[in-house]
Amino acid sequence: EAGVAQSPRYKIIEKRQSVAFWCNPISGHATLYWYQQILGQGPKLLIQFQNNGVVDDSQLPKDRFSAERLKGVDSTLKIQPAKLEDSAVYLCASSSPGQTNYGYTFGSGTRLTVV
Amino acid sequence: LAKTTQPISMDSYEGQEVNITCSHNNIATNDYITWYQQFPSQGPRFIIQGYKTKVTNEVASLFIPADRKSSTLSLPRVSLSDTAVYYCLVGLVTGGGNKLTFGTGTQLKVEL
């Protein structure tokens, strides 16, 4: 089966600019997650969707970050305006009750550099 | 969410068995233990998951003692390609709605 697709692979922007990341989960996976991974740290959950509804966005900096999953399939994460500390890899993952291991499947991520 | 503690780094040589131990003293009754592997420039990849005793798959074994306050990931005969960060996670698994929290992981370096 196809994996979790993310684009772009890399992005360099200046601070105060805006940026958007796209994720297409594995077909049929109802749950979608966005993680932020700063260099040298483990991934940190930003937001979790179940179909097109938000389950958990408690760690999403809502003053600058937004995310949507309008049709319950692909998702977009936006940062506006970006700060230097937003430099990180943004990982998308999906999961499904049908998975035998109940694990997540991650995409390769988008590496964001804010200069 | 149960907090986990694992070594920051480990070194090994090709062909050796590597055991990475994770401490999770506050594990709850319904929590599962899950291990992920992450290579540079890639997302984490599921390795193995267990609840108690021993679980084995084609990649690794997971040993969980009766009190479940720790777990050990065992990688048999490692190779250079096993150099990666390994994360131990503990959390409630609800089949698609689970919430797993990553720590800083263990950087395993395998040398010739």
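The values are calculated or read from the model by the stated rules, or taken from the named source; none is laboratory data. On a predicted model such as this, the values are computed, not experimentally measured, just so you know. FYI the Cβ positions are ideal-geometry reconstructions off the backbone, even for glycines, and counts take in every protein chain you see. Areas reflect the complete protein model, heavy atoms only, side chains present, ligands, DNA and RNA absent. Shrake-Rupley method; radii C 1.70, N 1.55, O 1.52, S 1.80 Å.
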Q. Restricting to region B:41-80, what's the tally of residues that are touching a residue at least 24 places away in the same chain (Cβ under 8 Å) and not in a strand (DSSP E or B)?
A. 9
Q) With respect to B:THR21, is the statement that it is among the β-branched types (Val, Ile, Thr), within 13 Å of B:ASP67 (Cα to Cα) and either away from every other protein chain (no Cβ under 11 Å) or not in a strand (DSSP E or B) (or both) true? A) no
Q.
I'm checking my understanding of the structure. Among residues of region A:56-90 that are within 13 Å of the chain's Cα centre (by Cα) and in contact (Cβ under 8 Å) with a residue 60 or more places away in the chain, which one is nearest to B:CYS88 (Cα to Cα)?
A. A:TYR90
Q: Check off (1) farther than 23 Å from A:LYS44 by Cβ; (2) open to solvent by less than 70 Å² (accessible area, probe 1.4 Å) for B:CYS22 and give me the number that stays unchecked.
A: (1)
**Q.** Residue list for region B:68-112, restricted to those being at pLDDT 95 or above, surrounded by fewer than 21 Cβ atoms within 10 Å (Cβ to Cβ), touching a Gly at 6+ places or on another chain (Cβ under 9 Å) and more than 14 Å from chain A (Cβ to nearest Cβ)
**A.** B:VAL78, B:SER79
Q.
Can you tell me which residue is nearest to A:GLY3 (Cα to Cα) among those in region A:28-61 that are within 10 Å of chain B (Cβ to nearest Cβ) and hydrophobic (A, V, I, L, M, F, W, C)?
A. A:ALA30
(Q) I need the full set of residues from region B:1-25 which are of a type in the set (D, E, K, R) and either at pLDDT below 95 or within 28 Å of A:GLY107 (Cα to Cα) (or both), in order please. (A) B:LYS3, B:ASP11
Q) Taking region B:26-60 on its own, how many of its residues are farther than 18 Å from A:THR105 by Cβ and open to solvent by 20 Å² or more (accessible area, probe 1.4 Å)? A) 12
